[in-house]
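Got a structure for you, questions after.
The values are calculated or read from the model by the stated rules, or taken from the named source; none is laboratory data. Owing to the predicted nature of the structure, the values given are computational and were not obtained by experimental measurement. Don't worry about glycine lacking a Cβ; one is built from the backbone with ideal geometry, like all the others, and counts go over all protein chains shown.
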Amino acid sequence: MTSTAVASPVTTPAACARANALAERLEQGAAALAAFAATLTDAQWQTRVPGDGRKVGVVVHHVASVYPIEIQLAQSLAAGDAITGVVWQNVHDMNAGHAKDHDAVTKAEALEALRENSAAAAASIRLLTEAQLDAASTNSLYGDAPLTCQHMLEDHAVRHSFHHLAKLKAALA
């Protein structure tokens, strides 16, 4: 006699209202940045941001390109792992390399990267549980202060579009 095994349903973390709210804020910022960028002329796209030196278009692409890194760092904290060996000079060097490598980025390329990477970032955030958002570990970006996953998300991936959108608007005003 053979028995028929019943497959157990796939379980996922219960929907976390806080994680969903964070994801929605990230999506709002990315949408606002994309809407603004879509209206820019070619001359505006090539304008250098005062005090920054990067072109407006490079900054839009920069925001899109760092979502995966920002999410990875937050996920490390969510897992209880410390962020080590990452300091602000690494961030500045990465940004300078990105600016050099993407100096000729087109609006279409930047907007597509922004759309894809912000959607993936929001989806990753939505998978986080309350406990993961509250998980804290030392963070070398902040002098080894113990910080939560939620703090990392809010100070980086969620805030990033809003931060640069304000700077780009001021640069083009």
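Search region 149-169 for residues being without any contact (Cβ under 8 Å) to a residue 40 or more places away in the chain and more than 13 Å from L22 (Cβ to Cβ), and hand back the single one that is surrounded by the most Cβ atoms within 10 Å (Cβ to Cβ).
So the residue we want is H163.
Could you please give the count of residues in region 135-148 that are surrounded by 15 or more Cβ atoms within 10 Å (Cβ to Cβ) and in contact with a Ser or Thr (Cβ under 7 Å, 6 or more places away or on another chain)?
3
Still on this structure: For region 41-61, indicate whether the set of residues that are surrounded by fewer than 21 Cβ atoms within 10 Å (Cβ to Cβ) and within 14 Å of the chain's Cα centre (by Cα) is non-empty.
No, region 41-61 has no match at all.
Moving on. Among the residues of region 104-118 satisfying the criterion of being touching a residue at least 60 places away in the same chain (Cβ under 8 Å) and surrounded by 15 or more Cβ atoms within 10 Å (Cβ to Cβ), which is nearest to L141 (Cα to Cα)?
Checked region 104-118; the qualifying residue nearest to L141 (Cα to Cα) is S118.
Further question on the same structure: How do the pairs read when you match residues in region 88-103 that are without any contact (Cβ under 8 Å) to a residue 60 or more places away in the chain with residues anywhere that are not charged (D, E, K, R), using Cβ under 7 Å and keeping only pairs 6 or more apart or on different chains?
W88/L141; N95/H62; H98/H62; H98/S65; A99/V58; H102/V58; H102/H61; D103/V58
Here's another thing I want to ask about it. Kindly establish whether N95 is out of contact with any Phe, Trp or Tyr (no Cβ under 6 Å at 6 or more places or on another chain), modelled with pLDDT under 95, surrounded by 15 or more Cβ atoms within 10 Å (Cβ to Cβ) and closer than 23 Å to F162 by Cβ.
Judged against the criteria, N95 is a match.
Quick grid of which residues meet (1) closer than 27 Å to A170 by Cα; (2) in a loop (DSSP other than H, G, I, E, B); (3) not acidic (D, E):
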| residue | (1), (2), (3) |
| --- | --- |
| G53 | yes, yes, yes |
| V60 | yes, no, yes |
| V66 | yes, no, yes |
| L77 | no, no, yes |
| G85 | no, yes, yes |
| M94 | yes, no, yes |
| L128 | no, yes, yes |
| S137 | no, no, yes |
